Amino acid sequence: MRATTTSRAALPPAPLMAAVGEGEGPRAAVRGRAGRATARRALRVAGRHAVALVVALFFLVPMLVALVTSFKTNASALTGDVLSLPSSIHLGSYGDVFSLGGFAGFTKVSVVVSVVSTVVQVSLSTLAGYGFARYSFRGRTFLFSLVLLTLMLPPTALALPLFLEMLHFPLAGGNSISGAGGTGLLNTYPGLMAPYLVSGFSIFLARQFFMSLPDEPGEAARVDGCREWSVFWRVYRPLATPLIVIETLFAFQTAWIDFLWPLIVAKGPSLYTLQVGLSTFQQEFTAQWADIMAAAIVASLPIMLIFIFGQRYLRRGIAWSGGR
Amino acid sequence: MGPAVVLLVVLYAVPIVLDGYYSLTSDQFGGGGKFVGAGNYVAVANSGLFWRSVENNAIFTVLTVGGGTVLALGVALLLSGSFVGKGIYRFVIYLPQSVSFASGAVIWTWLFNAQNGPIDAALNRVGLPGPAWLTDPHLALLSIVIMSWWRDIGFYMVVLIAAIENVPQLLIEAARVDGARRFGVFRHVTLPSIRPAMLFVVLTWGLGALQMFTQAFIMTNGGPVESTYTVVLKIYNDAFQALNLGLGAAEAFVLLGVCIVVGVFAVRWFSRGLEHT
């Protein structure tokens, strides 16, 4: 590393280097070599595209197969030529998913849980991140370490512990003050939303974001007599739109795709989210592959759409969290 | 900030304490639990299925994260720098991130199906025998690894691309001038510069792989012959199928302990990284 740094200091300016490179040998030889170099480069680019294409197909084909199969009839998906396209587009599977599968109800539950928990999580995380970034107070480093520690406790490992808390939640669902006797917050909307109400990841993102903003606008507002809340609401919140978009996308996606938590908290189909409904649908409609593929697509469609329109923001969020 | 910290305590600290407490009881649904001391932990330690799950989890994590990181890095290198059309490739590779684990698992159950499933149909078409991906005990876990690569490589590719494109161009040019070839530049300039991102990938992905549940639950339900049984699936079955909350709580406590040990290490590394920014 040190060697490269010293040689960088001795580097001639770029145009000069180019001239040195092309300046050797008679002109004809240069042209011949350049021709071969161009051919080699073209070959390399073609090879790169070939590899990239194969890789891309691995990621794309499963989704295309699911889509194509969902437009077949169950019979032709099971016994027909699976590698062929359907002779006509059959939308009956999507009808089955909603009429027989009860997906309208699951969709409602998923929407309520995801929207409400996203609003709560984004508000709380943005404010908390702002606090960590903009104010110094006793114990800040310690508290922020705790926030980071929660990043290392994935929701799945916490599912049973949190389930026990919901089951024994005091004074809810027939429980006594000591949390015994009833079912607590199980099989309720608050119980379904609990794990998504706060996110250490989101607080972390918000802190990183607000630390990157300058102090001066806030100071100026304070001199002008703004209260602390107005400093946040009028000065920094308008600047934080990209952050809020990213937090919203991640929060919504997390709540929407979660599987284990709704599986253990919802006691019946009336509180099944789409993911849980999909897994029971698959067990019930064994080998009805066209229906099952339609169900799998419906369960993921909203986040696929959000993703396609918001992928720029999502990718920026990932880069923020990992690259820096 | 107050409410967020209070909620973090309510949703993280309290459950962990409760879990520790109930792991020492024989709690069933509807109460009636007695204090049993370390009984549940003894049962966990003596459970062959638990250790089988740990083993499966370890193999799954090493294959998914080890193989996946190499693949994600390869794809990231392929699709960074000047390459016409890289945006489309990146988009397609990242696309499975928009599919839920449940949907992805259901779709791959169909792809891997041994009766008329698309993968085996395609293999038969070119004259190859189609293996029983999900019902062969030697293949089932690997099949889930493949599905997990499909779902997650895009995410880690984006992390690595961001890191690769942050490597100062001057360093790369300097190494070239010093006579480093393509691989030399990668080995001595790119790789050391993206070390923090690589650590992030391995830790995040590793912690995720230790929690694997949805794929095993939907695609194989732990079978065939327990070859895809994972720790979280064991917790789920003990607590919610056998209704033995105390035993499940003990297993969850062990899993949390592992996560916290890994987590403390990760946070220390993380805070060190933050000091540099």
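The values are calculated or read from the model by the stated rules, or taken from the named source; none is laboratory data. Note that the structure is a prediction, hence the values are computed from the model and not measured. Glycine gets a Cβ as well: all are built from the backbone with ideal geometry, and neighbour counts include every protein chain shown. Remember, those area values only see protein heavy atoms, side chains included, never the ligands or the DNA or RNA. Shrake-Rupley method; radii C 1.70, N 1.55, O 1.52, S 1.80 Å.
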Carbon and sulfur together cover what percent of the accessible area of the protein assembly as shown at a 1.4 Å probe radius?
67 percent
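Sorting A:Met63, A:Met211 by accessible area (1.4 Å probe), largest first, what list results?
On the way: A:Met63 25, A:Met211 100 Å².
These residues rank, largest area first, as A:Met211, A:Met63.
Heavy atoms only, probe 1.4 angstrom, no DNA, RNA or ligands counted: give me B:Leu247, A:Leu151 ranked by accessible area, highest first. Write out the running numbers ahead of the final one.
Numbers: B:Leu247 30, A:Leu151 50 Å².
Solvent-accessible surface, decreasing: A:Leu151, B:Leu247.
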Given the options B:Gln169, B:Ala209, B:Ile59, identify the residue whose Cα lies farthest towards the positive end of the charge dipole of segment B:49-241 (+1 on Cβ of Lys, Arg; -1 on Cβ of Asp, Glu).
B:Gln169
Which residues of segment B:239-255 end up with at least 30 Å² less accessible area in the presence of all protein chains than when their chain stands alone, using a 1.4 Å probe?
B:Phe240, B:Leu245
Alpha-carbon gyration tensor eigenvalues x 5, square-rooted, for chain B, Å
39, 28, 16
Give me the residues in segment A:258-290 whose solvent-accessible area, probe 1.4 Å, is reduced by at least 50 Å² once all protein chains are included instead of the chain isolated.
A:Phe259, A:Gln282, A:Trp289
Residue by residue through segment A:96-110, what is 3J(HN,Hα) from phi via Karplus (6.51 cos²θ - 1.76 cosθ + 1.60, θ = phi - 60°)? Round to whole Hz and write x for glycine and proline.
4, 4, 7, 7, 8, x, x, 6, 4, x, 4, 4, 4, 4, 4
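Against the empirical 2.2 N^0.38 Å scaling, what ratio does the C-alpha Rg of chain A come to?
Values: Rg = 28.1 Å, N = 324, 2.2 N^0.38 = 19.8 Å.
Computed over Cα atoms of chain A, the ratio equals 1.42.
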Tell me, what HN-Hα J-couplings in whole Hz come from the Karplus equation 6.51 cos²θ - 1.76 cosθ + 1.60 at θ = phi - 60° for each residue of segment B:48-63, using x for Gly and Pro?
x, 5, 4, 5, 4, 5, 4, 4, 4, 4, 5, 4, 4, 5, 5, 5
Around B:Thr25, which amide H atoms from residues at least 5 apart in sequence, or from another chain, sit under 5 Å from its own amide H, with H modelled in the peptide plane?
B:Val36
A:Leu64 to A:Ala34: FRET efficiency via 1/(1 + (r/R0)^6), r the Cβ-Cβ distance, R0 51 Å, to the nearest 0.05?
0.75
Give me the lysines in straight-line cross-link reach of A:Lys108: C-alpha distance below 28 Å, same-chain residues under 8 apart excluded.
A:Lys72, A:Lys267
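Which value, in debye to the nearest 20, gives the size of the charge dipole of the protein assembly as shown about its Cα centre, when Lys and Arg are +1 and Asp and Glu are -1 at the Cβ? Mind showing how you got there, number by number?
On the way: 39 positive and 27 negative charges, 485 e Å.
Dipole magnitude for the protein assembly as shown comes out near 2320 debye.
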Chain pair B, A: how much accessible area is buried, both chains summed, with a 1.4 Å probe, in Å² to 100?
8600 Å²
Run the numbers on segment A:193-214: which residues show a drop of 40 Å² or more in accessible area, chain on its own versus all protein chains together, using a 1.4 Å probe over heavy atoms?
A:Val198
For chain B, the longest stretch holding no trypsin sites (Lys or Arg not before Pro) located in a DSSP loop with at most 14 other Cβ atoms within 10 Å is which?
B:35-180
Going by amide H atoms built from the backbone, whose H comes under 5 Å of the H on A:Asn175, apart from near neighbours?
A:Gly182, A:Thr183, A:Gly184
Apply the Karplus parameterisation 6.51 cos²θ - 1.76 cosθ + 1.60, with θ equal to phi minus 60°, to every residue of segment A:195-212 and state each ³J(HN,Hα) to the nearest whole Hz, in sequence, with x for glycine and proline.
x, 9, 6, 9, 9, x, 4, 5, 4, 4, 4, 5, 4, 4, 5, 5, 5, 7
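If each residue of separation counts as 0.36 nm, what is the full-extension length gain between A:Val54 and A:Ile308 once their alpha-carbon separation is subtracted? Mind showing how you got there, number by number?
Numbers: separation 254, 0.36 × 254 = 91.44 nm, distance 2.19 nm.
Length gained between A:Val54 and A:Ile308: 89.3 nm.
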Coarse-grained scattering of the protein assembly as shown at q = 0.05, 0.09, 0.10, 0.12 Å⁻¹, given as base-10 log I(q)/I(0) from a Debye sum over alpha-carbon atoms:
-0.26, -0.80, -0.97, -1.32
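Given a 1.4 Å probe and heavy atoms of the protein chains only, how would you sort A:Thr141, A:Thr188, A:Thr69, largest accessible area at the top?
On the way: A:Thr141 105, A:Thr188 40, A:Thr69 5 Å².
Putting A:Thr141, A:Thr188, A:Thr69 in descending order of accessible area: A:Thr141, A:Thr188, A:Thr69.
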